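A short write-up of the structure that comes next.
The values are calculated or read from the model by the stated rules, or taken from the named source; none is laboratory data. Computed from a predicted model, the values in this text were never measured in an experiment. Positions of Cβ are generated from backbone atoms using ideal geometry, with glycine treated the same way; all protein chains shown enter the neighbour counts.
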DNA sequence: AATCAACCCCTTGACAGTCTAGGTATCCTG
DNA sequence: CAGGATACCTAGACTGTCAAGGGGTTGATT
């Protein structure tokens with residue numbers, strides 16, 4: 001018996017990259033903190049699974065959107081800090097625009113005034 | 001040289017089911033017409049690939065959300081007409097609510113006021 | 001008569017992104 | 001010392017989308 005009272009499964013739908021990039025715009029953060037921040041900012045509506053997050057970070061690093069370096073957290077733990085690159089900033093801008101257009105189109109159909 | 005001035009690739013993000021269900025709420029329609037309608041309703045922003053549509057229709061038929069029967073189009077062609085089942089209506093309602101919450105959450109992060 | 005565009009259905013194979021479910025290790029608190 | 005939170009990572013499965021093909025019909029143009 002599944003214990004998920006929520007409707008489960010894939011609530012990200014390809015928006016994770018944009019969310020992460022946006023999270024980094026205020027300054028470098030490490031993976032775990034990025035996940036916690038997004039969850040908190042959406043009142044726990046979005047769950048960031050680590051199995052989605054870390055591959056996404058690696059992906060974006062390879063694409064040059066973010067850059068990583070090892071550092072230390074406020075809690076004195078060894079952490080991998082990610083920061084936005086200029087390309088990442090540009091990508092964020094592009095994906096944000098795309099999201100706006102996409103969400104508007106879907107909403108126009110699904111949620112008629 | 002690619003002729004796509006658009007940014008291509010996967011603009012559906014798992015919303016196709018809901019879009020199709022919504023399209024059927026005004027009455028039965030056949031696959032081709034469903035695709036054309038969605039594209040037109042979004043000013044061609046969303047492209048419904050047939051390789052996405054027909055598997056989706058089959059998927060939803062198996063789940064009991066829609067039911068199909070052969071008929072004839074206005075242009076006198078043999079068409080497979082899909083209609084919404086009660087479960088489909090229920091599913092549409094659920095997915096619409098989910099979309100509203102999801103879109104709101106993403107937008108809150110990506111498009112701050 | 002041949003051709004072409006639009007109409008209409010379908011399948012295969014590849015791919016990308018997410019999830020589940022594990023693993024490792026450190027630090028702090030009870 | 002046990003347990004929970006912090007922090008990173010990976011393998012495998014799954015799902016939805018796409019590209020790229022296939023088929024056939026109808027109506028208009030050449």
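Tell me, which helices (runs of 4 or more DSSP H) lie completely within chain A with 1 or more residues that are in contact (Cβ under 8 Å) with a residue 60 or more places away in the chain?
Details: elements: A:16-23, A:31-41, A:50-62, A:86-110.
So the answer is A:16-23, A:86-110.
Determine if the range A:81-90 includes at least one residue that is loosely packed, with under 13 Cβ neighbours inside 10 Å and at pLDDT below 95. No. Picking from residues in the range A:33-48 that are farther than 16 Å from residue B:110 by Cα and within 8 Å of DNA strand D (Cβ to nearest atom), the one that is surrounded by the fewest Cβ atoms within 10 Å (Cβ to Cβ) is A:36.
Just wondering, is there one or more residues in the range A:24-32 that are in contact with a helix residue (DSSP H, G or I) (Cβ under 9 Å, 6 or more places away or on another chain) and more than 15 Å from DNA strand D (Cβ to nearest atom)? For the range A:24-32, residues in contact with a helix residue (DSSP H, G or I) (Cβ under 9 Å, 6 or more places away or on another chain) and more than 15 Å from DNA strand D (Cβ to nearest atom): present.
For the structure I just gave you, tell me whether residue A:106 is out of contact with any strand residue (DSSP E or B) (no Cβ under 9 Å at 6 or more places or on another chain), within 11 Å of another protein chain (Cβ to nearest Cβ) and closer than 30 Å to residue B:34 by Cα.
On the way: out of contact with any strand residue (DSSP E or B) (no Cβ under 9 Å at 6 or more places or on another chain): yes; within 11 Å of another protein chain (Cβ to nearest Cβ): yes; closer than 30 Å to residue B:34 by Cα: yes.
Yes.
The single condition among (1) within 30 Å of residue B:44 (Cα to Cα); (2) at pLDDT below 95 that residue A:75 does not meet is (1).
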